[in-house]
Amino acid sequence: MAATVSLRQGDLVWGKLGRYPPWPGKIVNPPKDLKKPRGKKCLFVKFFGTEDHAWIKVEQLQPYHLHKEEMIKSNKGKRFQQSVDAVEEFLKKVKAKQEQNASDEKGKKGEGKGKKGEGKGKKGEGKGKKAAGEKKKKKSSDAGSSSTTKKSHEQSPRKRGRPPKEDKDSRSPQPSSLKKLAMKTVSRFSWPPPTSEVRLKLASEDYHAADVSGLDWRRMIGFLGLGLMGSGIVSNLLKMGHTVTVWNRTAEKNTPGGIHSEVWDPDEDSKCDLFIQEGAHLGRTPAEVVSTCDITFACVADPKAAKDLVLGPSGVLQGIRPGKCYVDMSTVDPETAAEVAQIIVSRGGRFLEAPVAGNQQLSNDGMLMILAAGDQSVFEDCSSCFQAMGRTSFFLGEAGNAARMMLIINMVQGSFMATIAEGMTLAQVTGQSQQTLLDILIQSQLSSIFLDQKCQNILQGNFKPDFYLKYIQKDLRLAIAMGDSVNHPTPMAAAANEVYKRAKALDQSDNDMSAVYRAYIH
């Protein structure tokens with residue numbers, strides 16, 4: 001998708017971001033505090049029908065009208081159609097305003113012609129008086145001069161009762177001035193961008209300055225934890241224009257006295273540095289991040305880390321204030337989720353659990369699946385953030401439900417991975433080609449991206465982590481315990497868990513979950 005014409009501010013465009021389909025938007029000026037990405041030329045686009053905006057590479061932009069027909073044919077989704085409808089409504093409003101302005105201008109011209117005809121009549125009358133005056137003898141040049149001066153004063157607007165011309169500074173703003181004031185006011189805010197309704201108001205010249213006086217779209221986003229999943233999430237939040245403050249518990253040059261400071265290495269580059277270079281702010285402690293941000297997300301390894309993050313020194317609890325939102329994206333047991341929720345709410349905070357299903361690649365691509373539970377108003381407030389980090393999100397009710405659902409999903413995934421590894425090793429020891437087995441599987445009903453990727457890892461002997469083996473084993477353990485708590489057997493998960501435990505004993509903890517294969521060949 002390459003730009004074929006020159007694009008400029010105010011143009012309607014189709015913009016493509018990552019794996020998302022081209023989306024209708026408008027090129028606008030970015031907020032002053034939003035840094036432009038380094039490298040290729042980008043333009044700042046606000047998208048219709050969503051609350052997103054982002055820097056888009058020029059080659060990923062196309063003029064709206066020129067490609068409207070082909071885009072509509074190739075995209076049939078409901079949200080996409082709603083976005084196109086928002087553009088068309090915007091265009092109707094603009095057209096109606098232009099027609100109104102043209103009508104007003106035409107009326108002014110007609111009025112001007114009438115005044116011009118009236119002026120001609122007065123001019124003719126003046127010529128007659130002038131001819132009559134010339135027949136009279138001129139008494140003296142001084143007398144004539146005096147008469148002319150007197151006549152000039154008699155015709156002065158002030159002498160004829162007209163109000164004096166208004167001082168420029170005393171006049172009320174004209175519509176165009178109000179529009180500029182409105183746009184100037186709006187440009188101070190970085191997130192979320194205006195809704196479709198407000199965008200239409202901004203396009204209208206009769207938009208009153210009073211309408212924007214109480215609007216504040218700026219939301220400060222905090223993020224705690226920059227692991228495999230958190231790093232991709234933060235990257236996408238920044239790409240979509242969010243203002244983000246980051247903190248990480250390891251390699252904390254900025255917080256040698258913070259949580260888990262025993263791992264701090266002054267010679268190790270902070271994980272935060274990359275995001276600081278991309279425009280993120282640096283938080284010194286979790287408490288500071290939570291106290292200065294409107295919504296703070298956290299994504300850490302396990303239940304202990306999740307509770308330490310909240311209750312530890314300079315932890316989240318010390319920064320929570322009434323109305324502050326805390327969203328825990330860690331995969332934990334339902335009891336931990338409920339406990340953290342109770343702690344946050346007891347201080348007047350608002351809590352949402354939102355663990356994510358996916359892996360590092362999906363996190364980087366902004367294609368995670370988000371399972372949320374807790375305060376539904378927080379879920380709604382997080383809409384634009386969830387759109388930046390995931391392809392879909394679900395609200396599952398009270399706190400703890402998302403943890404339950406995520407453990408079940410990861411239990412199925414972990415068990416499936418163990419079965420894939422078992423099948424690959426059985427093929428090898430019985431003299432069957434592992435590659436042929438994969439070729440057959442990807443043509444069968446079992447075909448999936450997950451199956452293909454994990455078998456490729458085994459064939460290539462490449463177990464670079466995309467989802468840590470130690471974390472899938474942790475999730476299997478938590479799922480089994482959840483089953484025990486309701487007296488429900490989980491024998492398949494229990495068997496898979498034992499295989500992962502053996503892989504951990506073989507020092508595979510920090511490899512990808514597909515390294516469970518090595519538990520079968522040793």
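Structure above, values below:
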| read-out | value |
| --- | --- |
| Accessible-area value, Tyr468, 1.4 Å probe, nucleic acids and ligands omitted, Å² | 60 |
| Segments 399-409, 422-432 sorted - mean Cβ within 10 Å per residue, highest first | 399-409, 422-432 |
| Theoretical gain in end-to-end length, Arg391 to Lys97 [0.36 nm per residue, Cα-Cα removed] | 102.1 nm |
| Highest average packing first - 65-73, 275-283, 488-496, Cβ atoms within 10 Å | 275-283, 488-496, 65-73 |
| Under the Karplus curve 6.51 cos²θ - 1.76 cosθ + 1.60, θ = phi - 60°, whole-Hz ³J(HN,Hα) for region 461-470, x wherever Gly or Pro sits | x, 10, 10, 4, x, 10, 8, 4, 4, 4 |
| Karplus 3J(HN,Hα) series, Hz, for region 397-405 with 6.51 cos²θ - 1.76 cosθ + 1.60 (x for Gly, Pro) | x, 6, 4, x, 5, 5, 4, 4, 5 |
| Counted charge near Gly319, where neighbours are those whose Cβ lies closer than 14 Å (Asp, Glu -1; Lys, Arg +1) | +3 |
| Using θ = phi - 60° and Karplus 6.51 cos²θ - 1.76 cosθ + 1.60, couplings along region 511-522 (whole Hz; Gly, Pro as x) | 8, 5, 4, 5, 5, 4, 3, 5, 5, 8, 9, 10 |
| Percentage relative contact order, region 398-480, counting C-alpha pairs under 8 Å, at least six apart | 47 |
| Counted charge near Ser447, where neighbours are those whose Cβ lies closer than 13 Å (Asp, Glu -1; Lys, Arg +1) | -1 |
| Ordering of 94-102, 360-368 by packing [mean C-beta count within 10 Å, highest first] | 360-368, 94-102 |
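The values are calculated or read from the model by the stated rules, or taken from the named source; none is laboratory data. Predicted model, so just to flag it, every value in this text is computed and none were measured. In this analysis, Cβ positions are derived from the backbone assuming ideal geometry, glycine residues included, and neighbour counts consider all displayed protein chains. Remember, those area values only see protein heavy atoms, side chains included, never the ligands or the DNA or RNA. Shrake-Rupley method; radii C 1.70, N 1.55, O 1.52, S 1.80 Å.
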